[in-house]
Amino acid sequence: FEPSPQHHYQPGYTMIGGGLISPDSVVIETAKMIPKGVAWVPQAVEKFEPGNNTIYTQDGSAYTYDQLIVSAGVVNNYDAVKGLKEALDDEKCPVGTIYNYNYATKFGHLMKDFKKGKAIFTFPQIPIKCAGAPQKILYLSEDYWRKNGARKDIIIDYNITGDLFFSVKRYADALEPIAKSKGINIRYRYILKEVRGKDRIAVFEDQSTKQTTEEKFDLLHAVPPMHAPEVIRKSPLANEQGYICLLYTSDAADDLLCVDLGGRRIIKKK
């Protein structure tokens with residue numbers, strides 16, 4: 001069940017924003033991606049009835065199943081940051097994000113045209129898809145500016161909502177020195193609350209003090225907070241965070257009954 005006639009290779013959005021590939025190179029017709037022997041239903045699922053092993057699509061059709069695999073992913077929650085969507089939609093405003101096809105294309109142009117000033121990159125509260133991508137576009141941008149002689153005239157800030165440079169401490173300990181060696185300014189527990197695109201101001205809240213700060217920018221790469229699609233959040237499948245609760249039997253859960261995976265729960269069977 002997939003309503004989109006086109007399939008997007010979303011990891012490629014980072015490469016679009018980094019100026020390495022063309023936008024059309026990540027798009028292919030969905031029909032070409034469906035394996036032989038699989039029936040493609042070009043409809044979105046609108047309702048789940050797990051008690052009856054039934055799903056309903058947007059056109060009102062009902063489908064029963066023996067096993068159900070749900071991979072709806074997460075969606076961008078632009079409304080969580082006041083003014084962000086308006087800034088992203090304004091072609092004259094230097095705000096972009098690689099978490100959307102059109103906005104990644106916009107950022108790729110902005111990044112290449114940027115010659116001097118202050119560039120701010122953000123990392124929101126988790127969960128988000130591909131938590132490494134905000135750093136990837138940060139490094140790709142820095143590398144492009146360095147190779148093209150503009151780096152010396154650009155200030156780069158990387159503002160992170162959490163306490164670690166990356167959610168896995170082992171990687172955070174390795175990555176943070178790399179960022180610092182590139183002259184990137186890092187601030188922790190710094191969450192983007194508002195974007196005033198016309199004024200080129202980003203408003204951040206310090207999670208330690210709850211005080212807000214207005215930051216002037218010349219370029220902003222903003223990663224929006226994310227959440228599960230509404231059809232998942234309102235379904236019987238969702239847990240209290242709005243995500244699907246997963247049953248897990250592997251020893252990966254060690255001796256814990258519940259392992260936090262950024263909003264999802266993996267519960268080990270006793």
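The values are calculated or read from the model by the stated rules, or taken from the named source; none is laboratory data. Since this is a predicted model, take the numbers as computed values, not measurements. Counting neighbours? That spans all protein chains shown, and the Cβs are built from the backbone with ideal geometry, glycine included. Only protein heavy atoms, including side chains, enter the accessible area calculation; ligands, DNA and RNA are left aside. Shrake-Rupley method; radii C 1.70, N 1.55, O 1.52, S 1.80 Å.
A few comments on the model shown:
- Cross-link reach is defined here as a Cα-Cα straight distance under 29 Å, omitting same-chain residues fewer than 8 places apart; for K47 the lysines meeting it are K32, K36, K85, K129, K234, K268, K269.
- Simple label model, 7 Å out from Cα along Cβ direction - N148 to K32, nm: 2.9
- Net length available on complete extension from E49 to E240 is 67.0 nm, with 0.36 nm assigned per residue and the Cα-Cα distance removed.
- In the context of the full set of protein chains, the stretch 1-136 has a per residue accessible area of 57 Å² (1.4 Å probe).
- Spacing of the two label points (7 Å from each Cα toward its C-beta) at A174 and S25, in nm: 2.6
- Mean-position separation - Cα centroids, the stretch 1-51 and the stretch 109-186, in angstrom: 28
- Phi-based couplings in Hz for the stretch 232-240 (Karplus 6.51, -1.76, 1.60; Gly and Pro marked x): 7, 4, 9, 9, x, 6, 7, 8, 5
- Förster radius 45 Å - calculated FRET efficiency between T64 and D89, Cβ distance, rounded to 0.05: 0.65
- Heavy-atom accessible surface of the stretch 65-196: percent carbon and sulfur, 1.4 Å: 52
- The protection proxy used here, the mean number of other Cβ atoms lying within 10 Å of each residue, ranks peptides 13-24, 179-190, 98-109 as follows, highest first: 98-109, 13-24, 179-190.
- Full-extension gain in nm, Q211 to Y139, via 0.36 nm per residue minus C-alpha separation: 23.0 nm
- Loop-located GluC sites (Glu not before Pro) in the stretch 85-186 (DSSP state not H, G, I, E or B) with no more than 11 neighbouring Cβ atoms inside 10 Å: E91.
- Each residue of the stretch 162-176 was assigned a 3J(HN,Hα) from its phi angle through the Karplus curve 6.51 cos²θ - 1.76 cosθ + 1.60 (θ = phi - 60°); the sequence is x, 9, 10, 5, 9, 5, 9, 4, 4, 6, 4, 5, 8, 7, 4 Hz, with glycine and proline shown as x.
- Close amide-amide hydrogen proximity is noted between G132 and no other residue 5 or more places distant or on a separate chain, at a cut-off under 5 Å (H modeled in the peptide plane; Pro and chain starts excluded).
- Placed amide H near K47: partners under 5 Å, 5+ positions off or other chain: Y56
- Sorted peptide list for 148-161, 53-66, criterion being average Cβ within 10 angstrom, highest first: 148-161, 53-66
- Expected 222 nm ellipticity per residue - DSSP helices of 4 or more, -39500 (n - 2.57), all of the chain, to 500: -6000 deg cm²/dmol
- Amide H within-cut-off set for I21, under 5 Å, with H built and near neighbours excluded: I16
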